[in-house]
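Each reported figure results from applying straightforward, stated rules to the coordinates on display, with no laboratory input. Model, not experiment: these values are computed from the prediction. Virtual Cβ from ideal backbone geometry, glycine too; neighbours counted across all protein chains shown.
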There are 2 protein chains.
Amino acid sequence: MQLMYSATSPYVRKVMIVAQELGLLPRIERLPCAASPVQLDTALAAVNPLAKVPALVLDDGTVLFDSPVICEYLASLQTGQAIFPENGPARWRALRDQALGDGILDAALLVRYESMVRPEMYRWDEWRTGQMAKITRTLDLLETEAAGYDERADIGTIALACALSYLDFRYADLGWRDGRTQLAGWFATFWQREPVQAVMKIQASA
Amino acid sequence: MQLMYSATSPYVRKVMIVAQELGLLPRIERLPCAASPVQLDTALAAVNPLAKVPALVLDDGTVLFDSPVICEYLASLQTGQAIFPENGPARWRALRDQALGDGILDAALLVRYESMVRPEMYRWDEWRTGQMAKITRTLDLLETEAAGYDERADIGTIALACALSYLDFRYADLGWRDGRTQLAGWFATFWQREPVQAVMKIQASA
């Protein structure tokens, strides 16, 4: 399998961690891409017309995206996996938490495009404020729920951890841990998981 | 169940059609919201910190989002449903097609915010161009695949049809049917399905 890859994409990181949790990472070749909302990577657009990473090219040429689809596909390759719980409350909790993690990232990416890609004269403060408020409200909700994450290592907690690590990477000034000790404590432990650290090591070296 | 609702949201329409296909629409109460990237609907934010529609409030107070999660949850309530195929190629095709449909919508919404919500002085043509190119490339891909949709009425084709209907609603000038006769023909037939027309009738009256 080939993964349309970017070392700085948090959605790619989610796929990488899921693959490592499932023991599938050695089967995935990484193809570096330069995804951008305004500059086209033609190789990427040739496999995903939305020109977004991640996209997974299967050995038969089938292309899967977006990241939730890729993650669930990878999980389907391993029987007895726990990343995507079977039908029932655990599944809906995991998928809803993935939506919260990806939702933080969607907002964070939009703010980054606004602040770093868009020419300064076209930036609009209310847009930035609106997106950042989505992030703050979601973090506040997570703080009330983090004590219940226990030992969960499913697509929900993986997505949330990837979102928090992206905030550390791009929004250190936000200080997301301030007043959110439950969430900060959970993240510190979760991020030490062996599969997470294995992916971080790979991404630090390439 | 209560659905945080907007009559103009294409993601809400997708949920409505899925619910009607499954015979579940009578069990869903609609709560109108005013989702906006810059003006907060506090009732919506109270159930979904991302302040986006759709969100589904279950009878036990559990809240599900985003639209793919809600749709899959609804499908899980009906045995023998075909909206979310079981594990296998049909499932990945359906989920990938949903990602294409939702990807068209994500781009179309960003262009709409750029063109209608953002003050004129802050609009940036390259942003609009980049997002519209995602839509155009995806439509071109769909044209090559539409002949293979056959009688499929799964989450993939429903999402694609909702995306096309949104282009008719907000981007009639785009002329998406020009040069895409396969896709246009498929959409014309699909949109006449009874569950789709039932939802359109409800949405026209409220």
(request) Among DSSP beta bridges lying fully in chain A, give the percent that are antiparallel, nearest 5. (result) 55 percent
(request) With θ set to phi - 60°, apply the Karplus curve 6.51 cos²θ - 1.76 cosθ + 1.60 along the stretch A:120-129 and write out the HN-Hα couplings as whole Hz, x wherever there is a Gly or Pro. (result) 3, 5, 9, 7, 10, 4, 5, 5, 4, 4
(message) Using a 7 Å offset from Cα along the direction of the beta-carbon, what are the separations from A:A90 to the same position in each other copy, nm, ascending?
(response) 2.7
(request) Determine the equivalent ellipsoid of the stretch A:89-193 by diagonalising the alpha-carbon gyration tensor, then write out the semi-axes as square roots of 5 times the eigenvalues, largest first, rounded to whole Å. (result) 26, 14, 12
(request) Enumerate the calculated ³J(HN,Hα) couplings along the stretch B:137-144 in order (Karplus 6.51 cos²θ - 1.76 cosθ + 1.60, θ = phi - 60°), each rounded to whole Hz, writing x wherever the residue is Gly or Pro. (result) 4, 5, 4, 5, 5, 4, 4, 6
(request) Compare the peptides B:3-11, A:52-60, A:92-100, B:20-28 by average per-residue count of other Cβ atoms within 10 angstrom and give them in order, highest first. (result) A:92-100, B:3-11, A:52-60, B:20-28
(request) Return the subset of A:K14/B:K52; A:K134/B:K201; A:K201/B:K52 for which the Cα-Cα distance in this structure is over 26 Å, preserving the input order. (result) A:K134/B:K201; A:K201/B:K52
(request) Could you line up B:F187, B:F169, A:F84 from fewest to most neighbouring Cβ atoms inside 10 Å? (result) B:F169, A:F84, B:F187
(message) Can you give me the distance in nm between label points at A:W191 and B:L174, each placed 7 Å from the Cα along the Cα-to-Cβ direction?
(response) 3.9 nm
(request) With a 10 Å radius around each residue's Cβ, average the other Cβ atoms per peptide and rank B:104-111, B:197-204, highest first. (result) B:104-111, B:197-204
(request) Partner chain Cβ atoms within 10 Å, averaged over the residues of B:67-74 - can you pull that number for me? (result) 4
(request) Find every distance from the label point of B:T144 to the corresponding label point in the other copies (7 Å from Cα along Cα→Cβ) and write them in nm, one decimal, shortest first. (result) 4.8
(message) Taking each residue in A:138-150, count the Cβ atoms of any other chain within 10 Å of its Cβ, then average. What number comes out?
(response) 1
(request) Counting helices only, and only those DSSP H runs with n ≥ 4, report the 222 nm mean residue ellipticity of chain B as the sum of -39,500 (n - 2.57) divided by its residues, in deg cm²/dmol to the nearest 500. (result) -17500 deg cm²/dmol
(request) Can you tell me the order of B:174-181, B:61-68 when each peptide is scored by its average per-residue count of other Cβ atoms within 10 angstrom, highest first? (result) B:61-68, B:174-181
(request) Tabulate in residue order the Karplus-calculated ³J(HN,Hα) for the stretch B:171-178, using 6.51 cos²θ - 1.76 cosθ + 1.60 with θ = phi - 60°, rounded to whole Hz; enter x for Gly and Pro. (result) 10, 4, 5, 5, x, 5, 6, 4
(request) Please average, across the residues of B:45-52, the number of beta carbons from any other chain that are within 10 Å of each residue's own beta carbon, and give a whole number. (result) 6
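Considering Cα pairs under 8 angstrom that are at least six residues apart, work out the relative contact order of chain A and quote it in whole percent.
Computed value for chain A: 23 percent relative contact order.
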(message) From the gyration tensor of the Cα coordinates in chain B, what semi-axes in whole Å does the equivalent ellipsoid have, largest first, with each one equal to sqrt(5λ)?
(response) 25, 24, 15
(message) Going by amide H atoms built from the backbone, whose H comes under 5 Å of the H on B:R152, apart from near neighbours?
(response) none
(message) Compute a Gaussian network model of chain B, connecting alpha carbons closer than 10 Å, and tell me which residue from B:Q131, B:Q39, B:Q81 fluctuates the most.
(response) B:Q39
(message) I want to check the label-to-label distance for A:T62 and B:L24. Put each point 7 Å from Cα in the C-beta direction and report it in nm to one decimal.
(response) 2.4 nm
(request) Can you list the distances in nanometres, one decimal and ascending, from the B:E120 label point to the identical position in each other copy, with the point 7 Å along Cα to Cβ? (result) 2.5
(request) First check a/c for the protein assembly as shown, with a ≥ b ≥ c the square roots of the eigenvalues of its C-alpha gyration tensor; if it is under 1.5, answer rounded, and if not, answer prolate when a/b is larger than b/c or oblate otherwise. (result) rounded
(message) Looking for one value pair here: nearest-to-axis residue in chain A (by Cβ) for the rotation onto B, and the distance in whole angstrom.
(response) A:Y122, 2
